[in-house]
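Undergrad: Just dropping this structure here.
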Amino acid sequence: MAVDELMGDELTLYLSAKQASETAHAPYSKFHVGAALMLDDKSVITGSNQENAAYPSGLCAERVALFFAGAQAPQSKVLMILIYVPGTGRPAAPCGSCLQVMAETEDRQNSAFEILIANDKSVILLKDVQSLLPFRFGRKDLQA
């Protein structure tokens, strides 16, 4: 869908993620990513990618936001997350590490959440992390 079709919570997350991308510390990749997630109380938490010369010590925007939510609002459920990357030909999917963190967040809260990936022109809506990581693993797989 086109960005100008966004309304309500999705528009709120888009604008929040876009603003968060401006705080990215990306001197190496020049890839400024912003993420915004909405919790079940309708509060919005943002994150931006934070790189470090001691690679892989940095964190992606998605994990910054999800880890902050887990630490500061552990009782809340994530309803949706929007990941924004400016200047790309098409929206960029989260990396494998971020997808695994999303999968474990869904497992921990016993409910899926929507994932929106966006750039300046378009947004792709996915119903859950399973859409991007069909062979995920989690706690259930690690239990004997």
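Undergrad: Which members of region 71-107 meet the condition of being within 20 Å of Glu22 (Cβ to Cβ) and among the small types (Gly, Ala, Ser)?
TA: Within region 71-107, Gly87, Ala92 qualify.
Undergrad: Next question, about the same structure. For region 48-65, how many residues are in contact with an Asp or Glu (Cβ under 9 Å, 6 or more places away or on another chain) and more than 15 Å from Leu15 (Cβ to Cβ)?
TA: Kept after step one, since they are in contact with an Asp or Glu (Cβ under 9 Å, 6 or more places away or on another chain), are these residues of region 48-65: 48-49, 57-59.
If we keep only those that are more than 15 Å from Leu15 (Cβ to Cβ) too, we end up with 49, 57-59.
Counting residues in region 48-65 that are in contact with an Asp or Glu (Cβ under 9 Å, 6 or more places away or on another chain) and more than 15 Å from Leu15 (Cβ to Cβ) gives 4.
Undergrad: Report every pair of residues separated by at least 6 positions or lying on different chains whose Cβ atoms are under 9 Å apart, first residue within region 2-15 and farther than 18 Å from Ser48 by Cα and touching a residue at least 12 places away in the same chain (Cβ under 8 Å), second among the aromatic types (Phe, Trp, Tyr) and in a helix (DSSP H, G or I).
TA: Val3/Tyr14; Leu6/Tyr14
Undergrad: Return the residues of region 72-104 that are among the small types (Gly, Ala, Ser) and within 16 Å of Val44 (Cβ to Cβ); say none if nothing qualifies.
TA: Our first condition is that a residue be among the small types (Gly, Ala, Ser); within region 72-104, this holds for 73, 76, 87, 89, 92-93, 96-97, 103.
Correct list: Ala73, Ser76.
Undergrad: I'm trying to understand the selection: among the residues of region 115-138, which are of a type in the set (A, V, I, L, M, F, W, C), crowded, with 19+ Cβ neighbours inside 10 Å and not in a strand (DSSP E or B)?
TA: Val129
Undergrad: To continue, here is another question. I need the full set of residues from region 22-57 which are small (Gly, Ala, Ser) and closer than 16 Å to Phe68 by Cβ, in order please.
TA: Ala24, Gly34, Ala35, Ala36, Ser43, Gly47, Ser48
Undergrad: Among the residues of region 90-122, write down those that are closer than 20 Å to Asp4 by Cβ and either among the basic types (Lys, Arg) or without any contact (Cβ under 8 Å) to a residue 12 or more places away in the chain (or both).
TA: Listed by number, the residues that qualify are Arg90, Lys121.
Undergrad: Modelled with pLDDT under 95 and either of a type in the set (S, T, N, Q) or more than 18 Å from Gln19 (Cα to Cα) (or both), is that true of Asn110?
TA: Considered against the rule, which asks whether it is modelled with pLDDT under 95 and either of a type in the set (S, T, N, Q) or more than 18 Å from Gln19 (Cα to Cα) (or both), Asn110 comes out as yes.
The values are calculated or read from the model by the stated rules, or taken from the named source; none is laboratory data. For clarity, every value in this text was computed on a predicted model and none was experimentally measured. Cβ coordinates were reconstructed from backbone atoms using ideal geometry, including for glycine residues, and neighbour counts include every protein chain displayed.
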